[in-house]
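Working notes, structure below.
The values are calculated or read from the model by the stated rules, or taken from the named source; none is laboratory data. Here the structure is a predicted model, which means the values were calculated and not measured. Neighbour counts are summed over all protein chains in view; Cβ atoms, including those assigned to glycine, are modelled from backbone coordinates with ideal geometry.
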Amino acid sequence: MAHRIRWAGFYTRPAIHLDQEMARNSTPPQIPFGVTMLAPILMNYGTKEQQDQFLPSIRDGSVNWCQGYSEPGAGSDLANLKTRAELTEDGKHYVVNGQKIWTTLAHIAHWMFCLVRTSSNGPKQEGITFLLIPMDDPGVEVKPIITLGGTHSVNEVYLTDVKVPVDNRIGEEGKGWTYAKGLLVHERTGLAGIQNSVLGLEKAKDNASTVKIGEGTLLDVPAFRNKVGALEAELLALEFLELQTLAQVSAGGDPGPESSIMKLKGTEIQQRISELNIEAAGIYGSAWGESDGPGFARGAMGGYLGTRATTIYGGASEVQKDVIAKKVLDLG
Amino acid sequence: MDLSYTEEQNLLRNSLQRFVDNSYDINHRNALTTTEEGFSRENWQQYADLGWLAMSFAEEDGGIGGTPVDTQVMMEEFGKGLIVEPFLASIVMAGTALSEAGSAAQKEALIPGLVDGSLIATVAIAEPDTHQEFERINMTAALKGGEYTLSGQKAVVLNAQSANHIIVAARTSGQDADHDGISFFIVAADSKGLSRKDFPTVDGLRASDLTFDNVKVPAENLLGEEGKGYALLTKILNRTILALSAEAVGAMEVLYKDTIAYTKQREQFDHALSDFQVLKHRMTEMFVEYSLAKSLTLKATMLETQGSEETQRTIHALKYLIGKTSRFVAQNAVQLHGGMGMTEELRVAHYFKRLTVIDAMFGNTDYHLERFVA
């Protein structure tokens, strides 16, 4: 029988309530890499020693993690990754060479959980191994990537002869894809950002209600109001879909490929909400520095630029559609 | 009806293309955006020397006597090069204001300087409460003892920090969005009581918010007839929208072509991305929408040149279509470049930002669609 992964409290109703409260109070977002991404992997596939070593510092937030998956030649086609890990002769270490890219927060991470290739025989998905790599190793070099709007959040990570103890391998050699894949399904539901969008739409409405148009406000302008309404309707549906999925997970099931629906629609909605804010900013929509415009105006453009990434990362929208076509609709 | 460009227009286009190809790569352009003024005076002088700044002015005013179609040709090429020099502010906006409404003395005082590049001017219409309604002018101008006193605020004035003269829309009578009572004034940028807050726009260009605190302007600096400035306001906006649309068309051309080139060389799942039908169709849609936007830009420009009654309505349709198409083309250019499209290293990101700003300026899609169907 296939190993059924336990998701503990990571993708449950209380977790959603936490998201809601954090969004409502405009706290900085929770960094997901340790808490919601690596921890479940450790709890399900890690050894007792690995759990004892890594879980406490994830729980208390004292150690930052980053995710070493994407590579220059492995984006949508993640299994195409080429970073090599070779066992030393004594069998005690892997020597890792290669390059990771789009590594969010690598510049502040202490550790990276990483997919590496340990074999090139057979299908691409086989021969991938899941390793935990300390970022302070002299063979690890992090270079910033500046994205739309001048933000530094993602990085290139170069790995040169990085020696990783075999004890830092999760599970079996060559099974890394299986461990990571289960997680991707859950990552997608998180990336949908539904609770943030619910709150984000409320904020967009608040912003628009401060913009005077004729006798009323921008919220009274039919073209704008209808866009808001359409988003509200879709979010109502998406919120319920999320609850249905959670019910399934709570019952011991798996969110399955339907999580791609949430990723696809959720990210599109995030982008559309960000457009509302630019429209509400009016002539100040183009301003980047300190103008006399309303307070939300500058954040509006930053939000619009930033959310362009949401339909690219975590499996681009085109990939999500492929997943739905293949796994849900049996379209080959 | 002859719909082809003239030989002169083709030569003009070639000279701009040569300049962009030889002297204006994206790194040069981005470096300029980090300078104090956000553009190169040296380039500006070269545009003057090449006659580009003179093109749209009448021959009797010291120009070359070009039509809006010549401006369209230039702006399209500027769009391809993502040019940051203040052509829109100084030549299209201020140039239109002076050409349309300037007295002989006003033209003589300013146009030669605009044409030889020694003077830069801009136009200030929008105010903090404008949102999309540019006729909503609340800045006041009161005449007393041979001079006007201007008080109020202007918002997001392009290149104001580099301008020697600012052409300002103010209200001499009426209120808020009344068409009557709008008057234009030529204001020296160093006038007492005029303060500026400068900031970059998201595309790396420059704009300022201006505060006029009892700024004294000589009565002879009234541009056009007092209280009858609404027609000039409309004319300036229309010419600006035509120019911006042409610029957007040029920028979109770069984006759809860059996207095709990128997807041909980027391989995933053992195929070039361009082999995937869904992406082929997306790029085809980008091209189709671009083609429509380009056609409507030329149609509207020709109507404006002819002084057709259809012009106003067509310009509303145009700005709507340009905004919608710019978003579609720019968003998909980034999407199809994947993570690379999000980096400031590739030029796609910079064209994306410029097109986003163009959509936000001088009335967005919703506003112009509403005016079009009204």
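Looking at (1) in a helix (DSSP H, G or I); (2) within 10 Å of chain A (Cβ to nearest Cβ), which one does B:GLU304 not meet, given that it meets all the others?
Unmet condition: (2).
Answer yes if at least one residue in the range B:113-121 is charged (D, E, K, R) and surrounded by fewer than 23 Cβ atoms within 10 Å (Cβ to Cβ), and no otherwise. First the steps, then the outcome.
Keep residues of the range B:113-121 that are charged (D, E, K, R), which gives B:116.
Adding the requirement that they be surrounded by fewer than 23 Cβ atoms within 10 Å (Cβ to Cβ) leaves B:116.
Looking through the range B:113-121, at least one residue is charged (D, E, K, R) and surrounded by fewer than 23 Cβ atoms within 10 Å (Cβ to Cβ).
Tell me yes or no: at least one residue of the range B:226-240 is more than 19 Å from B:ALA126 (Cβ to Cβ) and of a type in the set (Val, Ile, Thr). Quick ask: steps written out before the conclusion?
If we filter the range B:226-240 for residues that are more than 19 Å from B:ALA126 (Cβ to Cβ), which is where we start, we get B:226-228.
Right, trim to of a type in the set (Val, Ile, Thr) and you get none.
No, the range B:226-240 has no match at all.
Quick one: in the range A:60-89, of everything that is crowded, with 16+ Cβ neighbours inside 10 Å and of a type in the set (Ser, Thr, Tyr), which residue is farthest from the other protein chains (Cβ to nearest Cβ)?
Filtering first and then ranking leaves A:THR83.
Quick check, is B:ALA330 surrounded by 22 or more Cβ atoms within 10 Å (Cβ to Cβ), of a type in the set (A, V, I, L, M), within 12 Å of chain A (Cβ to nearest Cβ) and in contact (Cβ under 8 Å) with a residue 60 or more places away in the chain? Spell out the reasoning first.
Working: surrounded by 22 or more Cβ atoms within 10 Å (Cβ to Cβ): yes; of a type in the set (A, V, I, L, M): yes; within 12 Å of chain A (Cβ to nearest Cβ): yes; in contact (Cβ under 8 Å) with a residue 60 or more places away in the chain: yes.
Against the criterion (surrounded by 22 or more Cβ atoms within 10 Å (Cβ to Cβ), of a type in the set (A, V, I, L, M), within 12 Å of chain A (Cβ to nearest Cβ) and in contact (Cβ under 8 Å) with a residue 60 or more places away in the chain), B:ALA330 qualifies.
Do we find that B:ASP213 is among the acidic types (Asp, Glu) and not in a helix (DSSP H, G or I) in this structure? Step through it out loud before you land on a result.
Details: among the acidic types (Asp, Glu): yes; not in a helix (DSSP H, G or I): yes.
For B:ASP213, the condition - among the acidic types (Asp, Glu) and not in a helix (DSSP H, G or I) - is met.
Can you tell me which of B:LEU210, B:LEU232, B:LEU223, B:LEU242 is surrounded by 20 or more Cβ atoms within 10 Å (Cβ to Cβ), under 24 Å from the mean Cα position of the chain (by Cα) and within 14 Å of another protein chain (Cβ to nearest Cβ)? Working first, answer last.
Values: B:LEU232 fails: within 14 Å of another protein chain (Cβ to nearest Cβ); B:LEU223 fails: within 14 Å of another protein chain (Cβ to nearest Cβ); B:LEU242 fails: within 14 Å of another protein chain (Cβ to nearest Cβ).
Selected residue: B:LEU210, the only one of B:LEU210, B:LEU232, B:LEU223, B:LEU242 that is surrounded by 20 or more Cβ atoms within 10 Å (Cβ to Cβ), under 24 Å from the mean Cα position of the chain (by Cα) and within 14 Å of another protein chain (Cβ to nearest Cβ).
For the range B:180-195, check the following and say yes or no: at least one residue is assigned to a loop (DSSP other than H, G, I, E, B), within 14 Å of another protein chain (Cβ to nearest Cβ) and among the charged types (D, E, K, R). Show your work before the answer.
Let us first name the residues in the range B:180-195 that are assigned to a loop (DSSP other than H, G, I, E, B), namely B:180-181, B:189-193.
Add one more test, that the residue is within 14 Å of another protein chain (Cβ to nearest Cβ), and what stays is none.
Within the range B:180-195 (the criterion being assigned to a loop (DSSP other than H, G, I, E, B), within 14 Å of another protein chain (Cβ to nearest Cβ) and among the charged types (D, E, K, R)), the answer is no, since none of the residues qualifies.
Of all residues being outside any loop (DSSP other than H, G, I, E, B) and out of contact with any helix residue (DSSP H, G or I) (no Cβ under 9 Å at 6 or more places or on another chain) in the range A:101-113, which is nearest to A:SER76 (Cα to Cα)? Just the residue, please.
Applying the first criterion (outside any loop (DSSP other than H, G, I, E, B)) to the range A:101-113 yields A:101, A:106-108, A:111-113.
Checking the rest, the ones that are also out of contact with any helix residue (DSSP H, G or I) (no Cβ under 9 Å at 6 or more places or on another chain) come to A:106-108.
Working: A:ALA106: 20, A:HIS107: 23, A:ILE108: 25 Å.
Filtering first and then ranking leaves A:ALA106.
Consider B:GLY323 carefully, then state whether it is closer than 30 Å to A:THR147 by Cβ, part of a helix (DSSP H, G or I) and either under 19 Å from the mean Cα position of the chain (by Cα) or of a type in the set (S, T, N, Q) (or both).
On the way: closer than 30 Å to A:THR147 by Cβ: yes; part of a helix (DSSP H, G or I): yes; either under 19 Å from the mean Cα position of the chain (by Cα) or of a type in the set (S, T, N, Q) (or both): yes.
Taking the combined requirement at face value, the residue satisfies it.
Scan the range A:145-159 and tell me whether some residue there is part of a loop (DSSP other than H, G, I, E, B) and either away from chain B (no Cβ under 14 Å) or without any contact (Cβ under 8 Å) to a residue 24 or more places away in the chain (or both). Outline the logic, then answer.
From the range A:145-159, those part of a loop (DSSP other than H, G, I, E, B) are A:148-150; that's our starting set.
Those left that are additionally either away from chain B (no Cβ under 14 Å) or without any contact (Cβ under 8 Å) to a residue 24 or more places away in the chain (or both): A:150.
So far as the range A:145-159 goes, yes, one or more of its residues are part of a loop (DSSP other than H, G, I, E, B) and either away from chain B (no Cβ under 14 Å) or without any contact (Cβ under 8 Å) to a residue 24 or more places away in the chain (or both).
Residues in the range B:338-355 that are hydroxyl-bearing (Ser, Thr, Tyr) and facing chain A (nearest Cβ under 7 Å): how many?
Our first condition is that a residue be hydroxyl-bearing (Ser, Thr, Tyr); within the range B:338-355, this holds for B:343, B:351.
Right, trim to facing chain A (nearest Cβ under 7 Å) and you get B:343.
Qualifying residue count for the region: 1.
Which ones in the range A:238-295 are over 14 Å from A:THR307 (Cβ atoms), within 13 Å of chain B (Cβ to nearest Cβ) and among the polar types (S, T, N, Q)?
Correct list: A:SER286, A:SER291.
Being within 14 Å of B:GLU247 (Cα to Cα) and either at pLDDT below 95 or surrounded by 24 or more Cβ atoms within 10 Å (Cβ to Cβ) (or both), is that true of even one residue in the range B:364-371? Talk me through it step by step, then tell me what you get.
We begin by selecting, within the range B:364-371, every residue within 14 Å of B:GLU247 (Cα to Cα); these are none.
Taking every residue of the range B:364-371 in turn, none turns out to be within 14 Å of B:GLU247 (Cα to Cα) and either at pLDDT below 95 or surrounded by 24 or more Cβ atoms within 10 Å (Cβ to Cβ) (or both).
Only one of these conditions is not met by A:VAL95: (1) more than 30 Å from A:LYS321 (Cα to Cα); (2) at pLDDT below 95. Which number is it?
If we test A:VAL95 against (1) more than 30 Å from A:LYS321 (Cα to Cα); (2) at pLDDT below 95, just (2) comes out false.
Which pairs turn up if I take residues in the range A:289-305 that are farther than 19 Å from A:LEU148 by Cβ and look for partners that are buried (at least 16 other Cβ atoms within 10 Å of the Cβ) and hydrophobic (A, V, I, L, M, F, W, C) with beta carbon separation below 6 Å, at least 6 apart in sequence or on another chain?
Qualifying pairs under 6 Å: A:GLU290/B:PHE199; A:SER291/B:PHE199; A:GLY293/A:ALA287.
Looking at A:ARG308, A:ARG225, A:ARG298, which is the one that is within 14 Å of another protein chain (Cβ to nearest Cβ) and surrounded by fewer than 20 Cβ atoms within 10 Å (Cβ to Cβ)? Give the steps one after another, and end with the answer.
Numbers: A:ARG308 fails: surrounded by fewer than 20 Cβ atoms within 10 Å (Cβ to Cβ); A:ARG298 fails: surrounded by fewer than 20 Cβ atoms within 10 Å (Cβ to Cβ).
Answer to the check: A:ARG225.
What single numbered condition from (1) surrounded by fewer than 18 Cβ atoms within 10 Å (Cβ to Cβ); (2) closer than 23 Å to A:LEU159 by Cα fails to hold for A:GLU49?
(2) is the only condition that A:GLU49 fails.
Considering only the range B:132-139, I want to know if a residue exists there that is in contact with a Gly (Cβ under 6 Å, 6 or more places away or on another chain), part of a loop (DSSP other than H, G, I, E, B) and within 9 Å of chain A (Cβ to nearest Cβ).
yes
Which pairs do you get when a residue that is buried (at least 19 other Cβ atoms within 10 Å of the Cβ), found in the range A:174-185, comes within reach of a residue that is aromatic (Phe, Trp, Tyr), reach meaning Cβ atoms under 6 angstrom, with the pair 6+ apart or on two chains?
A:GLY176/A:PHE130; A:TYR179/A:TYR45; A:TYR179/A:PHE130
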